[in-house]
1. Can you list the residues, at least 5 places off or on another chain, whose amide H is less than 5 Å from the amide H of B:Asp116, using H built in the peptide plane?
2. Out of all DSSP beta bridges with both ends in chain A, state the antiparallel percent to the nearest 5.
3. Using +1 on the beta carbon of Lys and Arg, -1 on that of Asp and Glu, and nothing else charged, what's the dipole of chain A about the Cα centre, debye to 20?
4. Using θ = phi - 60° and the Karplus relation 6.51 cos²θ - 1.76 cosθ + 1.60, list the HN-Hα couplings for segment A:227-232 in order, rounded to whole Hz, with x at every Gly or Pro.
5. Taking the Cα-to-Cβ direction at A:Ala141 and at A:Arg164 and moving 7 Å from each Cα, how far apart do the two end points lie in nm?
6. For B:Lys56, which aspartates and glutamates qualify as cross-link partners when the Cα separation must be under 18 Å and same-chain residues fewer than eight apart are set aside?
7. Write out the trypsin sites (Lys or Arg not before Pro) in segment B:356-406 meeting two conditions: DSSP loop, and at most 16 other Cβ atoms within 10 Å of their Cβ.
8. Among B:Leu274, B:Gly46, B:Leu369, flag the residue with its Cα farthest along the positive direction of the charge dipole of chain B, charges on Cβ as +1 for Lys/Arg and -1 for Asp/Glu.
Amino acid sequence: MSSRTVKSAANPVDAATLIFKATVARINASNEPSVPPGPGLIVARVDAVLKASPDLGNLVGQEITIQLATKRPAMERGEQAIFYATDWVYGKRIAVQELSHHAATPAADKQVARVLDEQPIRHLASRIRGAELVIVGVVEAIKPSPLDEPLSFNAPQWKVASVRVESVLKSTQRRQPSIPNSVNVLFPSSDDWAPAPKFTKGRSGIFLLRHEPKLGIPPDFFLALDPADFQPRSALGRVQSLLKK
Amino acid sequence: MGVKIKVVNMVPLSRSSETNDDSETNLSVNPINKRQIAGTAFTPSGGPNTLVYLSKNGGDTWTVNAIVPGQTGDYNTKFSSRALYGGNLRWPPFPLTMDVLRTKNPFIGLLMAVIDARPGGGGGFFDQPWVETRTVGKKPGAGKDHVYVGANDLTIFPGAGASIDICANGTGGAPVFKLVRLDARPVLGQDGPSVRIGIHRSGKVYAAFFGWRPPGGRTTSDVVVVRDDHWGIGATPFKDLLDSVDLKRGSRVVTGINVGWGVGLGSDRTGSDLTLAVDPVRASVVWVAWCDVQGGAITLHARRSTDSGKTWSGDLLTVPNAKNPALAIGTDHRVGLLYQQVVGTSPNWRWEEHLQLSRSGANWHDILLAKTAVKSWTGDYSYLETRGREFFGIFAADNTPNHTNFPHGVHYQRKADFTTHKLLDVTGATVIPPSIDPFFFKLSGRRDDDEDDEE
């Protein structure tokens with residue numbers, strides 16, 4: 001087993017859409033008919049899947065084609081590695097583009113599993129760092145948006161959640177009021193903006209809020225567009241812990 | 001000679017487990033190699049880039065390649081003789097940006113290059129980008145790709161945003177695009193999302209759009225056709241067709257219709273169903289079809305002009321409860337109109353996918369391509385085009401494997417059991433629930449009685 005490692009610049013765990021442990025079966029080869037075999041390509045048998053879209057089903061035991069990030073150091077037949085990859089070609093078989101790989105060892109397996117487990121926390125920490133206002137609150141009312149929004153199938157179809165503030169966990173506003181009684185949170189009601197949190201009257205939890213001036217939103221409205229921008233009350237301890245870091 | 005129809009479920013074997021709504025389909029056939037075809041649908045990649053369906057064997061088999069940079073809110077691709085171009089409403093980040101994309105070979109797996117970007121702003125964006133292109137055959141400009149990206153520019157909301165982003169040399173080193181506004185009349189807030197373009201080899205370029213007009217509701221609309229006789233690249237583009245009544249730019253095919261925004265049909269939304277096609281031989285012959293509300297029902301209308309858009313026929317085809325019209329015309333002057341129609345009563349609605357063919361518009365030959373369950377969203381458009389006398393099209397439909405759903409047959413690449421009517425994962429061990437898939441079709445040959453309709 002080789003200990004050679006190929007790295008890409010970005011964090012491969014976050015950048016990769018597919019992370020798997022596989023054993024090299026053939027060098028300079030492809031098992032996807034639309035991808036001609038050649039240098040820089042290998043076919044590997046998947047031994048374990050660490051991260052993958054459910055659209056791909058169970059990949060364990062399947063052979064997939066990998067376009068290596070670099071041609072050197074060369075991989076060898078029988079070599080087992082953990083590959084970080086992104087989508088490339090879906091045909092009769094799957095071909096992926098490697099971001100990086102490293103040797104598969106028990107320690108490496110644990111390390112990857114740990115980093116994957118921490119991925120949501122890292123994302124939440126990033127959203128907390130970028131938030132202007134983090135509050136615990138409850139949605140008291142849903143109101144129509146005052147914005148004159150163009151009609152489009154891609155439009156957010158804004159609505160306003162009037163959120164009663166119970167406590168402020170973070171505020172970057174210079175002239176900080178003591179504690180605002182309530183804040184207006186614009187949120188997209190359109191299904192086309194599915195990942196963004198949708199609010200209903202009575203929903204309570206932790207709101208990670210910011211302004212988005214590029215969207216032409218007036219400054220008296222906050223937004224929460226990322227799925228992580230709303231957390232249940234049960235996540236309070238985690239959020240407070242991340243705020244201290 | 002009889003008609004030959006081929007229908008193919010485009011989802012490849014390796015994605016047999018997917019359950020997405022792969023809806024809102026579009027298609028392009030390489031004009032110099034009709035075995036090369038590109039298709040688009042809302043098929044999520046799960047990664048940073050967007051997928052394009054590709055075939056190198058005339059649509060018999062398909063791969064899905066992640067070659068559009070970024071994720072998408074709306075996109076399509078079109079071949080010229082020299083490249084594949086794309087229009088993509090990219091997000092995130094916000095606000096949404098319209099990218100114009102290019103690759104000289106989509107089959108080698110490289111990301112398409114961004115050759116123009118129109119960022120959103122002020123709460124708006126360039127809505128529903130729709131790319132069309134043609135390589136110029138004769139001087140001046142022979143060999144250059146003219147690229148047209150129709151869109152509704154909502155960054156100027158409130159205002160008339162129907163526009164085309166035009167480039168006279170798409171394969172150049174640094175393509176230059178010029179944004180041309182199309183609507184010369186006052187709008188009530190904005191135009192509709194759809195801008196559709198038809199390019200004739202002579203350099204005559206047509207475009208159709210919905211001009212939303214006062215004093216009605218926000219979606220009371222005219223269907224307007226504009227024309228440019230010199231590829232749309234002169235100093236005053238798209239001013240070659242004036243309305244015979246108000247003498248303003250753009251011939252009004254119909255005025256004051258209700259486009260049905262928010263009305264809905266089956267499982268789908270409605271409000272911007274529009275298509276245009278120019279006869280590939282006779283540049284003066286152009287067809288338009290749209291949907292509006294008639295007696296409470298979404299209704300499709302098709303009309304024709306034989307004098308370059310100056311005057312228009314009455315309805316040559318009217319179809320109730322229909323949407324997603326797509327027109328194309330063959331070199332034998334046969335017009336094809338693809339659409340989907342709801343039949344039956346709720347909750348037992350069915351989508352019927354029809355291809356109607358005619359030469360004069362007087363008699364139509366109706367071909368039923370699919371009759372499938374109404375379960376989920378199929379998208380805001382589908383597409384049809386011709387190469388010579390052959391029709392190539394794409395539509396989105398429920399993928400339950402049942403031969404009775406496809407009267408002219410169907411080929412599935414993904415794992416499917418037509419005996420039990422079950423989809424299966426790639427190993428065949430797990431049943432996969434039905435969803436919406438893109439379906440390619442090709443029609444070649446003619447019916448024996450086609451000549452009965454000769455003009």
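Values in this text are rule-based calculations from the coordinates and carry no lab data. The structure displayed is predicted, hence computed values, not measured ones. Using ideal geometry, Cβ is built from the backbone for each residue, glycine included, and neighbour counts are taken over all protein chains shown.
1. The answer is B:Val100.
2. 90
3. With only Lys, Arg, Asp and Glu charged at Cβ, the dipole is about 740 debye.
4. These are the phi-based 3J(HN,Hα) values: x, 7, 6, 10, 10, x Hz.
5. Distance between the two pseudo-spin positions: 1.3 nm.
6. Partners within reach: A:Glu32, B:Glu385, B:Glu390.
7. The qualifying sites are B:Arg389.
8. B:Gly46
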